[in-house]
1. Between Ala40 and Ala163, what length comes free when the chain is fully extended (0.36 nm per residue of separation minus the Cα-Cα distance, one decimal in nm)?
2. Counting DSSP beta bridges in the chain, what percent are antiparallel, to the nearest 5?
3. Which whole-Hz couplings ³J(HN,Hα) result when phi for each residue of the stretch 89-97 is put into the Karplus expression 6.51 cos²θ - 1.76 cosθ + 1.60, θ = phi - 60°, listed in order with x for Gly and Pro?
4. Once phi is turned into θ = phi - 60°, what whole-Hz ³J(HN,Hα) does the Karplus curve with 6.51, -1.76 and 1.60 give for every residue of the stretch 27-39, x standing for Gly and Pro?
5. With both partners inside the stretch 92-234, how many of the DSSP beta bridges are antiparallel, as a percent to the nearest 5?
6. Apply the a/c threshold of 1.5 to the C-alpha gyration tensor of the stretch 196-250 and tell me whether it is rounded, prolate or oblate.
7. According to the Cα gyration tensor, what semi-axes, each the square root of 5 times an eigenvalue, does the equivalent ellipsoid of the chain have, listed from largest to smallest in whole Å?
8. How many nm is it between the label spots at Ala226 and Asp250, if each spot is 7 Å from the Cα in line with the beta carbon?
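Values quoted throughout were computed directly from the atomic coordinates according to the rules given, and no laboratory measurement underlies them. Predicted model, so just to flag it, every value in this text is computed and none were measured. Don't worry about glycine lacking a Cβ; one is built from the backbone with ideal geometry, like all the others, and counts go over all protein chains shown.
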Amino acid sequence: MRCGVDIGARSVEVLLHDGTRTVDVIIGDSLRDPRGNAEAMFRQILERNGLTKEDLASIVATGYGRNYFGHATRTCSEIICHARGVFHLHPDTVTIIDIGGQDSKIIRLENGKPVDFSMNDRCAAGTGRFIEMAGDILGIPLEKMGEATRDGDDTVEISTMCAVFAESEIIGLLQGGIPRERILRGVFRSVAARTLGMAGGAGVAAPLVFTGGVARNMGVVRAVEAETGLRVVVPPEPRITGALGAALID
């Protein structure tokens with residue numbers, strides 16, 4: 001049995017894999033104590049599967065908090081782990097777009113190996129936090145966003161790429177009588193354009209797989225498809241690909 005632990009800025013994923021299938025997974029919040037929460041989740045997943053730490057062939061930690069997880073037998077970069085996890089699920093993948101709560105990345109694969117990548121981990125624009133902020137202003141909760149923007153394709157341009165100034169722009173549009181759903185579609189298009197603009201040399205080509213917590217938002221998925229002209233594949237649980245890849249690392 002192998003264990004992968006992905007400690008991100010907004011969430012933690014702990015996954016068990018027996019070499020053939022995912023046996024169990026726990027997803028929780030990082031909150032103010034990502035290391036403590038990751039350790040608690042690690043103990044929980046072992047307990048509910050009747051395992052001890054000694055029963056595990058490997059414990060690989062990834063994500064920004066990987067170096068703080070004391071139970072790890074090794075650590076590995078999130079780029080390598082996401083690539084490994086996505087390739088396991090979708091072996092024909094060429095491009096990965098991963099958008100989480102605090103960062104976003106584009107990874108280009110060749111034969112399942114990452115050959116180029118770009119990452120935004122310094123600005124909230126283009127991340128889940130930006131979408132969450134917009135939802136708070138518009139009064140649309142995260143779980144309702146995909147449904148709210150499903151019918152229709154009219155949108156509005158969010159011209160500001162800085163999350164701080166975009167907040168004022170969104171408020172101005174709302175006060176100007178622009179429908180909330182139209183503004184939200186504009187936010188989604190802005191996030192998609194911002195993320196895809198990072199591609200640079202990495203490029204974006206099909207098959208394209210979208211992972212991370214934001215990939216559960218079908219409004220953003222539609223925006224990425226509109227921006228790229230490509231069909232987007234979303235894994236059944238797009239948040240766990242990093243932890244899955246960590247568990248599969250040799």
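1. 41.0 nm
2. 65
3. The phi angles translate into 7, 9, x, 8, 4, 10, 10, 10, 10 Hz.
4. Values per residue, Gly and Pro as x: 10, x, 8, 6, 6, 8, 9, x, 5, x, 5, 5, 5 Hz.
5. 65
6. Oblate.
7. 33, 20, 15
8. Result: 4.4 nm between the two label points.
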